[in-house]
Amino acid sequence: MTMQQIVDKLNKWAYEYYVLDNPSVPDTEYDALYDVLTAMEETTGTVLPDSPTRRVGGKPLTKFVQHTHLGRLYSLDKAQSFGELADWVDKVKKEVGDVYFTVELKYDGLTISCTYRDGVFVGAATRGNGIVGEDVTEQVKTIRSVPLTIPFKGVCELQGEGIMRLSELAKYNARHADDQLKNARNAAAGAIRNLDPKVTAERNLDVVFHSAGYHDGLGVSSQWQLNEFFKQCHMATNKIFERVRTFDEIKAIILHIAEIRAELDFLIDGVVIKVDDFAVREELGYTDKFPKWAVAFKFDAEQVTTRLLDVDWQVGRTGKLTPIGKLEAVELCGATIRRATLNNYGDIQRKNLKRGGMVFVRRSNDVIPEVLGAADDDGEIILRPTVCPVCGSEVVENGANVYCTNAEHCRPQIVARLTHYCSKAACDIEGLSDKTIEQLVDNLGVKSVADLYDLTKEELLTLDGFKDKKASNIIAAVEASKKVELPKFIFALGLDNVGAVTAKDLAAKFGSVGALSKATADELVAIDGIGDVVADGIVQYFAEPQNLEIIAALKDIGIDPTYTQAPKEGTFAGKKVVLTGSLDAYTRGQAGKLIEERGGEIASSVSKNVDLVVVGADAGSKLDKAKKLGIRTIDEAEFVAMLEEN
Ligand SMILES: [Zn+2]
């Protein structure tokens, strides 16, 4: 195909998708051809006048009144694989240093921008081409999850995704035998773009808010704070909203989302990763189409059918029984698939999966495959386990999950807890691989992490494959782990949902496991990044006598790390510093890091609590405000001089 033919085809598909709400090809086909065009444009340096890469969205429908957005709505750049996502994270870090990222679901619906003035909802519009959209005020007004008043009294454009929940779709279809809606995305878009607001109302849509466009001072400086702001406004917010620092953490969340995707009551077509801090976003800036501070990780939708041969139940660290489907081997996305996660027993029931029946399997990018649902009625019913498949103990149900209650003696639980405790991000006990830990459990009667510290070299030498050197190394590594730092120790304890980053925050806040064990749920949720589920899990963990016994035993051994913030020293010690304008020698991220290394704290806006404002070229309102408040300002030369002091 010539470039013009590709452009024509994409334009036809985009018209069908955006204007007619009646796509003739799946999104994946559009995206694939779009990528071909992008690559072609990059190599030839030519962009045709009607290329879809020149615009953000589609043409507004003429039958609606046009609405010009106060601020432009950008679409997001895409990452199609974990490799591309890792590259994006690296690029951001290279430019602005270590930053927080937020990770949220990418709802598959219609983007809506709602305008509020003096605390009142005054209008809504579709995205359109990002600059001009269609006025859908009357339609959106009927959506009950969009508040008609909010506490904020200025002017703001708040954006979210208009969606139809799958349960609402099912209810609608049950009520309308002669008007069946097939797809929740098209049902939502069709309802909002309908000239009759009654049709919108009848479909019970939701708007899930995720972004702020133009505003005259919301008083938020990060995505995290914006999300809290939405909650304060009684707006629906993202079901999954996490704040993390590393690619590995982002990947873990995406894998989790891929696992639970089929359980969600709405469609998603990916995951959105954004730089949390708005000041850092400004520094990163925009290309002419996308913000550089956000990316959409798109799920691929390839799926096949195969036979579900049997179900294995795996017992995890917390005793949770996770069903793993054994599949008749099938090719999917270039790999042979033999196993797939089934999430939990509730999921098996909900999807009506049967042993020996045919099932739909999907694999999203390089994510582990998932079973979407039954493809026929064949097979025998899969029963909920009544006892632990490994230790035979009684099981209990908690929500959709089943747990083995024998925390003390169930072998896979013991092994998983020990493996976690010894892992690199936890106590980092080198030499204790999964295999070795199984040997310790099976042959030396190790049951809890405290038992590791009673091991002797003589005992280790009785194990298969152990020589003098290996045994000595392990004894030394176990001994060295007594000096573990508090953040890693908290992580090592293996609390449900407490990852390495949360453990760090808990360490900084409470300073010791003793203090943490007395924390209330209210104190915990007050920490940025900790929600109700995590807080409840922490409180529950410390309510378990066995857990307290192990912590006490570790304390007796001498493991009770405390955490104190290093005393601030340096030129900027104790100073709150604002950076404004651009510096010649440093990016804002680099300058911020240098200030923090010298004891200073970076603030994103000027207030009377700020001690110092570093003023670069083209400084704007922050400089004016600093002058007004009488705050000390320095230029780049003075800043460099201060850096050189230490
Ligand atoms: Zn068990």
- Given the range 349-442, what strands (runs of 3 or more DSSP E) lie entirely inside it while holding 3 or more residues that are within 16 Å of the ligand (Cβ to nearest atom)? 395-398, 401-404
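Among the residues of the range 416-435, write down those that are over 22 Å from residue 483 (Cα atoms) and buried (at least 19 other Cβ atoms within 10 Å of the Cβ). Walk me through how you get there before you give the answer.
We begin by selecting, within the range 416-435, every residue over 22 Å from residue 483 (Cα atoms); these are 416, 434-435.
Matches in the range 416-435: 416 only.
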- Subset of the range 616-634, residues farther than 20 Å from residue 282 by Cβ, out of contact with any Ser or Thr (no Cβ under 9 Å at 6 or more places or on another chain) and free of Cβ contacts under 8 Å to residues at least 12 places away in the same chain, comes to 628, 630
- Query: If we keep just the residues of the range 312-344 that are buried (at least 19 other Cβ atoms within 10 Å of the Cβ) and within 15 Å of residue 357 (Cα to Cα), which is farthest from the ligand (Cβ to nearest atom)?
  - Reply: 327
- Task: Quickly run through the range 559-593 and pick out the residues that are touching a Phe, Trp or Tyr at 6+ places or on another chain (Cβ under 9 Å) and over 30 Å from residue 283 (Cα atoms).
- Result: 559, 560, 561, 563
- Collect the residues in the range 412-441 that are over 32 Å from the mean Cα position of the chain (by Cα) and in contact (Cβ under 8 Å) with a residue 24 or more places away in the chain, keeping them in residue-number order. 431, 436, 439, 441
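Is it the case that the range 166-175 has a residue that's in contact with a Pro (Cβ under 8 Å, 6 or more places away or on another chain), of a type in the set (Ser, Thr, Tyr) and surrounded by 18 or more Cβ atoms within 10 Å (Cβ to Cβ)? Reasoning before the result, please.
Narrowing the range 166-175 to residues in contact with a Pro (Cβ under 8 Å, 6 or more places away or on another chain): none.
No, the conditions are met nowhere in the range 166-175.
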- Item | Identity of the residue in the range 279-311, of a type in the set (Ser, Thr, Tyr) and touching a strand residue (DSSP E or B) at 6+ places or on another chain (Cβ under 9 Å), that ends up surrounded by the most Cβ atoms within 10 Å (Cβ to Cβ) | 306
- So which of 575, 555 is in contact with an Asp or Glu (Cβ under 8 Å, 6 or more places away or on another chain) and free of Cβ contacts under 8 Å to residues at least 60 places away in the same chain? 575
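Computed from the coordinates by the stated procedures, all read-outs in this text should not be read as laboratory data. A quick note: this is a predicted structure, and the numbers were derived from the prediction, not measured. Glycine also receives a Cβ, built like all others from the backbone with ideal geometry; neighbour counts cover every protein chain displayed.
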